[in-house]
């Protein structure tokens with residue numbers, strides 16, 4: 001393939017992921033028995049622990065999230081543990097009690113009780129700002145949002161909500177807190193700095209569940225009696241669209257890595273997966289009636305509680321991307337490079353739970369122009385595996401390691417005596433089309449698309 005041929009391929013990188021998903025997802029379900037009526041589920045990503053409050057048993061089950069086996073059982077005295085959240089930085093567990101109005105605080109490392117405080121009359125949902133340690137607890141009976149200092153273990157402030165606060169989510173990126181009411185078509189927005197209500201969102205439903213995609217700054221809202229999910233732009237607080245789903249849904253969670261939003265339907269024994277780039281959904285049919293949801297950031301795994309069966313399930317799913325739109329809308333009748341481009345696209349889309357931008361895809365496609373050959377799966381993994389995880393820690397420049405030069409030599413030749421760069425500019429993220437380069441240096445191109453900066 002000559003250099004001028006790359007221009008066609010480069011144009012694909014801008015639209016490669018504007019694609020939809022299929023109606024049903026391939027999935028495998030595994031279950032483990034916990035206590036009586038598991039009401040919620042939360043994961044500590046550092047300890048790889050799942051915590052499940054068993055409402056009727058007065059216990060908290062601790063499950064190894066990787067091997068999916070029981071690790072411990074925390075017994076609470078005279079308690080009905082209801083909802084749970086975890087401070088992943090300090091490995092501290094916070095549990096509400098709907099009956100007593102108490103907040104229980106537990107050391108996640110040793111399972112011992114830290115404190116038990118009476119904060120209200122009927123504590124329900126809660127969420128924590130992982131950056132500043134502020135905990136937001138809903139007292140549904142008194143229509144209060146209790147703002148709690150998790151280090152000093154004291155109440156900072158109490159915000160009055162008009163009616164029945166039912167779900168709360170924190171957006172650490174904006175330091176805004178969203179509180180849904182199960183009895184009114186309004187979501188209150190609280191400023192995390194001032195601890196005051198600063199705005200309202202109208203999702204055109206009585207919200208029972210809310211979830212935030214922090215990458216796209218969008219909010220999803222569900223309601224028990226609605227046959228749609230409301231998608232809201234949090235930049236404008238305006239309703240973007242209504243995504244059709246069966247009625248009877250409530251619990252909702254968004255995977256922070258792959259952007260998939262998961263909704264459980266306890267009546268149909270189904271999960272619905274919504275892609276962040278489309279309004280289409282995938283459906284997963286389960287063996288039991290699912291309620292609360294948590295997601296893994298390390299794999300395509302969903303954890304759900306099954307209160308009727310007294311179990312929790314781990315569902316490993318395939319989030320398939322349909323490349324038909326790529327073929328029809330971008331390539332059209334120009335099929336000369338279709339097979340090669342689809343190999344690259346397929347290789348990228350098969351990497352689970354990885355984020356990637358058009359610059360990386362452009363780099364892959366440019367490499368085709370230089371070498372004329374590419375293993376889509378393996379090189380995609382090499383480029384992306386650690387890149388996004390370590391992107392924030394990249395240096396401004398990095399010395400070119402010997403292995404990178406050796407790899408470049410394997411896929412290129414230096415017959416023209418190109419100079420081998422000694423350093424890579426880590427701040428340079430844009431790729432220049434070959435038509436704008438008078439004397440393309442294959443070594444520079446290879447070294448730019450390899451994750452040298454991320455690995456330095």
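None of the figures in this text is laboratory data; all of them are computed from the coordinates on show. This structure is a prediction, so every number in the text was calculated from the model and none was measured. Using ideal geometry, Cβ is built from the backbone for each residue, glycine included, and neighbour counts are taken over all protein chains shown.
Rounded to 0.05, the FRET efficiency of the residue 153 and residue 399 pair, given R0 = 41 Å and the Cβ-Cβ distance, is 0.30.
Rounded to a whole number, what is D in µm²/s for the range 144-220 from Stokes-Einstein with the Kirkwood radius over alpha-carbon pairs (4 °C, 1.567 mPa s)? Please list the in-between numbers first.
Numbers: Rh = 12.8 Å.
Estimated via Stokes-Einstein, D reaches 101 µm²/s.
Each peptide in 115-127, 184-196 was scored by the mean count of other Cβ atoms within 10 Å over its residues; highest first, the order is 115-127, 184-196.
Remark: spin-label model distance residue 48-residue 162 equals 4.7 nm, labels positioned 7 Å along the Cα→Cβ axis. Here r is the Cβ-Cβ distance between residue 285 and residue 244 and R0 is 25 Å; the resulting FRET efficiency, rounded to 0.05, is 0.90.
Simple spin-label estimate for residue 195 and residue 109 gives 2.9 nm between the two label positions (7 Å along the Cα-to-Cβ direction from each Cα).
Using 0.36 nm per residue and subtracting the Cα-Cα separation, the extra length available between residue 214 and residue 88 on full extension is 43.6 nm.
Find the centroid of the Cα atoms in the range 41-81 and in the range 127-177, then give the distance between the two in whole Å. So the two Cα centres are separated by 23 Å.
Compute the relative contact order of the range 170-214 as a whole-number percentage, counting only Cα pairs closer than 8 Å that sit 6 or more residues apart in sequence. Intermediate results must be reported in sequence, preceding the final value.
Numbers: 80 pairs, mean separation 16.1, N = 45.
Over the range 170-214, the number comes to 36 percent.
In this rough spin-label picture, where each label sits 7 Å from Cα along the Cβ direction, the residue 423-residue 141 distance is 6.5 nm.
Going from the residue with the fewest nearby Cβ atoms within 10 Å to the one with the most, 267, 91 rank 267, 91. Here the Kirkwood formula puts the hydrodynamic radius of the range 27-317 at 18.7 Å, using every distinct Cα pair. Maximal additional length on extending the residue 56-residue 227 stretch stands at 58.5 nm, based on 0.36 nm per residue less the C-alpha distance.
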